[in-house]
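Scroll down for the structure; my scribbles are underneath it.
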Amino acid sequence: QNKFVALVLMLQHFKTRMNIANPMIALLLILISKTLGFHIQSPAKSIHNLPLFSTPFGADEGDDEVLKNLTERYLGEKPKMPTFKPRQSKADLYDNDELNNLLKLHNELYPQNSQEKENEDPSEQFPSIHDLVLQAVGETDASGLHESLRESSSKYKWVTEDITKKLPKLKAIASDVDGTLIGSNQALHSRTKEAVEKAVESSFSSTGDLEWFFPATGKTRWGALNSMGPEVAKIVSKCPGVFIQGLYCVYNNEVIFEKKLTKKAIEAAESLVASTGTSLIAYDGDNLYTTEMTATVRELNTKWGEPLAKEIPSIADHLPGVHKILICDLDVEKLSKVRISLEELARDNCATVTQAMPSMLELLPEGCSKALGVEKLCEALGVDPSTQLLALGDAENDVEMLEMAAVGVAMGNGCSLAKNAADVVLEETSDEGGAGIAIEVLTNI
């Protein structure tokens, strides 16, 4: 009787953890693992917090009746999944050595398995233990993702074998905002909007393969959320984020990393702006400041969705300091000449220069970049960017992020620097839902 209790409890726990529709397959895998002496993670360690029940039995109650009662009790309604972390992966049921041993045993017992599969009618195929073990090791719904990739590779030529091999390990998405999620009309394409919503939902679901979605942008947090529209902003506001070109990183509504310009660099930038007739906007968290309210400064709010800057006499005298400085001008040719002077200024004042928009130059603290912010946030999230991160971008300031990610994707509207740094270059632009297509095809959401 005790064996029946343990068996039904294990079967229920395994079905919940692996989401296997066929209980006989789950049962077979459990029996084999127990026969070989493998362990199954105790319910106390499960994210579902399944209780250990003490079940009374009558002296004359038969095994069949006990099994029937337990089956009805434990296999009736599927437990509701928790909404938030912590979450463990499917592979936590067994360690890698156990999974490899089980896979080796199956291959020895059924060496002809792979050959027979080629001759079978696909409609009659069911998942084997071989498939299930690969599924657990790969951290993905093997049948669903593999079928999706087969369809996608014929439609999108950038779904190469090398890219496909990296996908099972992906568990986080970092995406630029302007020019990537948001198109030239300052709105999300419907396909991108739907993909972002699904990605965020998956990241908060205990059954989803994706664990994190976060914006990685040069904008303020307020500006990034404001630009996405109220519906998407509401859900993305719950996510971590990399803001102000990696200089302001937020997780659980706490700033986990930030860095500001030196006062000397700020003074030099103010002097350069005064001599070139350009506009200046300084960023301090979600607060923006300027020394002159020009049309270009106002446009940062009216067109790009950033907070309206407050005019103050001197940025250098702003005691909390600032994270970065924008130097703006609608004359792109003029601004390219200003960049030469700004680069020299940066070298002399412990700063660096980057650019996200043709009409905007950005002065950042030395050694800082969007990529550094992504790296800092990934460290806090337990994500290895080189193997587990999908990054989306379009501009010069995205280059290092695209290079460091396991899979870097550049939009069709991206600059040449971003495209050269990416593993995947889309034909579709942000106006055509390029980011949404990449998220749909490369993740199992």
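The values are calculated or read from the model by the stated rules, or taken from the named source; none is laboratory data. What you are looking at is a predicted structure, and each value in this text was computed from that prediction instead of being measured. Using ideal geometry, Cβ is built from the backbone for each residue, glycine included, and neighbour counts are taken over all protein chains shown. Side chains are part of the model used for accessible areas, which takes the heavy atoms of the whole protein and leaves out ligands, DNA and RNA. Shrake-Rupley method; radii C 1.70, N 1.55, O 1.52, S 1.80 Å.
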Answer yes or no: is there a residue in the stretch 185-200 that is β-branched (Val, Ile, Thr) and open to solvent by 10 Å² or more (accessible area, probe 1.4 Å). no
For the stretch 282-294 the number of residues that are of a type in the set (A, V, I, L, M) and crowded, with 21+ Cβ neighbours inside 10 Å is 2
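Which of the residues that make up the stretch 343-401 are among the acidic types (Asp, Glu), more than 18 Å from PHE243 (Cβ to Cβ) and in a strand (DSSP E or B)? Walk me through how you get there before you give the answer.
Let us first name the residues in the stretch 343-401 that are among the acidic types (Asp, Glu), namely 343-344, 348, 362, 366, 375, 379, 384, 394, 396, 398, 400.
The next check asks that each one be more than 18 Å from PHE243 (Cβ to Cβ); those that pass are 343-344, 348, 366, 384.
Within the stretch 343-401, no residue meets the criteria.
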Only residues in the stretch 182-205 that are in contact (Cβ under 8 Å) with a residue 12 or more places away in the chain and assigned to a loop (DSSP other than H, G, I, E, B) count as the first member; pair them with residues that are open to solvent by 30 Å² or more (accessible area, probe 1.4 Å) and charged (D, E, K, R), Cβ under 6 angstrom, at least 6 apart or cross-chain, and list the lot. GLY183/ASP431; SER184/ASP431
Residues that are surrounded by 14 or more Cβ atoms within 10 Å (Cβ to Cβ), over 20 Å from PRO365 (Cα atoms) and within 36 Å of the chain's Cα centre (by Cα): does the stretch 310-327 have at least one? no
Can you name every residue in the stretch 356-373 that is under 28 Å from LEU330 (Cβ atoms) and either open to solvent by 20 Å² or more (accessible area, probe 1.4 Å) or without any contact (Cβ under 8 Å) to a residue 60 or more places away in the chain (or both)? ALA356, MET357, PRO358, SER359, MET360, LEU361, SER369
Please list, ordered by residue number, the strands (runs of 3 or more DSSP E) wholly in the stretch 215-281 having 1 or more residues that are open to solvent by 20 Å² or more (accessible area, probe 1.4 Å). 248-251, 254-258
Set ALA195, ALA268, ALA224: member being within 15 Å of LEU326 (Cα to Cα), at pLDDT 95 or above and hydrophobic (A, V, I, L, M, F, W, C): ALA268
So VAL297, is it among the hydrophobic types (A, V, I, L, M, F, W, C), surrounded by fewer than 19 Cβ atoms within 10 Å (Cβ to Cβ) and either at pLDDT below 95 or not in a loop (DSSP other than H, G, I, E, B) (or both): no
Tell me, please, whether a residue that is farther than 17 Å from ASP423 by Cβ and of a type in the set (Ser, Thr, Tyr) can be found in the stretch 367-382. yes
Hey, among the residues in the stretch 374-416 that are free of Cβ contacts under 8 Å to residues at least 60 places away in the same chain and of a type in the set (Val, Ile, Thr), which one's surrounded by the most Cβ atoms within 10 Å (Cβ to Cβ)? VAL409
For the stretch 155-184, give me the residue count where each residue is open to solvent by 30 Å² or more (accessible area, probe 1.4 Å) and out of contact with any helix residue (DSSP H, G or I) (no Cβ under 7 Å at 6 or more places or on another chain). 8
In the set THR296, THR352, THR302, the lone residue that is among the hydroxyl-bearing types (Ser, Thr, Tyr), touching a strand residue (DSSP E or B) at 6+ places or on another chain (Cβ under 7 Å) and free of Cβ contacts under 8 Å to residues at least 24 places away in the same chain is THR352
